[in-house]
Amino acid sequence: MRRTLRWLLSLVVLIGMAGATASAATAADPAAGSSGVSTDIKDRILAIPGMSLIEEKPYPGYRYFVLNYAQPVDHRHPSKGTFQQRITVLHKDTTRPTVFYTSGYNVGTTPRRREPTQIVDGNQVDLEYRFFSPSRPDPADWSKLDIWQAASDQHRVFTALKKIYDKKWISTGGSKGGMTATYYERFYPRDMDGVVAYVAPNDVNNNEDSAYDRFLAKVGTKECRDRLNAVQREALVRRKPLEARYTDYAAENGYTFTTVGSLDKAFEAIVLDYTWAFWQYGLVADCDTIPVASTATDQEIWDSIDAISGFSFYTDQGLAPYTPYYYQAGTELGSPDIEQSHLKGLSRYGYQPPRNFVPRDIPMRFKPWVMDDVDSWVRHNARQMLFVYGQNDPWGAEPFRLGKGARDSYVFTAPGANHGANVAGLNPEQKAKATARILEWAGVAPAAVQADPSKAKRLTKPDALLDRQGVEREPFTLRP
């Protein structure tokens, strides 16, 4: 998860609900039934206590709502105040299954159909993670930002909407969202009928990160690794002229460095991200775009690092939207600490801890038992869970693993894939297996698929806008 700017789906819809297909039966329900109670899906959703409408956006074949939902700041003490948490509902039909998605960050407010939704032809509920603006309590008690409170947010949304969407539910998410779906399952294992967690890191022991070093020593080709390492080293050798450029860049854009501490610390953090970030979001085929360090100009070095790591990220302005993430990385999730021997004698700070990216007035204390608990639970209790990783994604170096207690659960790796790995990118046998299990968990597997899983395929027709995926750019700094 990298860069300050996430790729948000850009979608312009020029047709209204008049073009809705007949498959969206509930969307076309009359305003009221014979009992006088409204059967319109918007009215039913808004009848949920604490639910309010921000806006409805048209999309053919669906109803799409952006909503606020009143959530307790502290689920252990609900009487101690609430905050407004954003959710979206992509409504297909109440007779279809529902996919519950979270990125672990902000919620997008443009209709978008995630891969499990494409597979099962269902409804989709997206939830904004607590403390990401605007879903942040005011005043913010940061001690109430933890994985149990967030899982309880999901449980409460599910409980409310299950009365309307009463068919099967599957939770999903990518990267931190995949972690979020896993934590939700750990604390509320009776809610979902299946879990599809994409590229979800599992940093069980925050003090032992050698798996990442071993991964980076072998990923891709030696030629590509050497080329990346050389640019990284050259950037630190040319620290003085590149930092002069960075100073001008910051002044031009009004960037400051109070949180991280100095422009020098921000510069080095960006450079140290470079190799990891390339493999997280690049492909072996992209290695030709990396400049030859020994002959590259300062501008070429700058441009390559900016394109891959992003010089705006460690500014106060770049970090501020992601304070909740860094807080969690420094209190529960953990964060890799990578050794890069080729930078010996040039690196002044090494990989900086999450504490450096959170304002100092927010207290933090790491709880090492939290990830160990989740890891142990998954190994021994996973039921109907699918984990998908990318072969060339550094985050896959510490994946979730399944033990003897797991049932109907799988860990698959997409060959050659990066942090955007998905079911579609698996080898044919695993793709069919994963698709068949998702359809079965959602209760919509055709008879032919039940008899022969190799026949499994998505139930929806492709939609170039609604299914536009890409790799979501999220805060990186060796964070998912």
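The values are calculated or read from the model by the stated rules, or taken from the named source; none is laboratory data. These numbers were taken from a predicted model, which means no experiment stands behind them. All Cβ positions, glycine included, derive from the backbone under ideal geometry; neighbour counts span all protein chains shown. The area values use the complete protein model at the heavy-atom level, side chains included, leaving out ligands, DNA and RNA. Shrake-Rupley method; radii C 1.70, N 1.55, O 1.52, S 1.80 Å.
Ranked by the mean number of other Cβ atoms within 10 Å per residue, highest first, peptides 280-287, 312-319 order as 312-319, 280-287.
With respect to the chain, whose longest principal axis is taken over its alpha-carbon atoms, helix 369-381 is tilted by about 50°. Using the alpha-carbon positions of the chain, Rg (one decimal) and Dmax (whole number) come out as 22.9, 78 Å. Each of Met192, Gly310, Tyr69 was placed along the dipole of the chain (beta-carbon charges, centred on the mean Cα), and the one lying farthest toward the positive end is Met192.
You can think of it this way: the chain between Ala307 and Arg401 has 30.5 nm of extra reach, that is 0.36 nm per residue less the Cα-Cα gap. Take 115-127, 351-363 and order them by the average number of nearby Cβ atoms within 10 Å per residue, most first; the result is 115-127, 351-363. Put Arg186, Arg136, Arg383 in order of accessible area, highest first, and with a 1.4 Å probe you get Arg383, Arg136, Arg186. Counting only alpha carbon atoms, the long axis of helix 176-187 and the longest principal axis of the chain meet at about 50°. Computed over neighbours whose Cβ is under 14 Å from that of Asp452, the net charge equals +2, Lys and Arg +1, Asp and Glu -1.
Counting only alpha carbon atoms, the long axis of helix 147-161 and the longest principal axis of the chain meet at about 30°. Would you kindly state how much longer the chain becomes between Val237 and Lys461 on full extension, computed as 0.36 nm times their sequence separation minus their alpha carbon distance, in nm to one decimal? Going from the current span to full extension adds 75.4 nm. What does the accessible area of Glu223 come to, in Å² to the nearest 10, when a probe of 1.4 Å is used? Taking all protein chains as shown, Glu223 has close to 140 Å². Full extension of the segment from Asp298 to Ser79, taken as 0.36 nm per residue of separation minus the current Cα-Cα distance, would add 73.1 nm. The value for segment 312-366 of Rg(Cα) / (2.2 N^0.38 Å) is 1.25.
Separation of the alpha carbons by more than 32 angstrom is noted, of Lys80/Lys265; Lys163/Lys404; Lys144/Lys461; Lys167/Lys455; Lys168/Lys367; Lys222/Lys367, for Lys80/Lys265; Lys163/Lys404; Lys144/Lys461; Lys168/Lys367; Lys222/Lys367. Solvent-accessible surface of the chain, averaged per residue with a 1.4 angstrom probe and all protein chains in place: 41 square angstrom.
Provide, for q = 0.30 Å⁻¹, the log10 of I(q)/I(0) from a solvent-free Debye sum over equal Cα point scatterers in segment 141-191. The computed values of log10 I(q)/I(0) come out as -1.20.
Using Cβ point charges alone (K and R +1, D and E -1), the dipole size of the chain about the Cα centre works out to roughly 1020 debye. In the chain, the DSSP-assigned H stretches of four residues or longer account for a calculated mean residue ellipticity at 222 nm of -9500 deg cm²/dmol, using -39500 (n - 2.57) per stretch and the full residue count as denominator.
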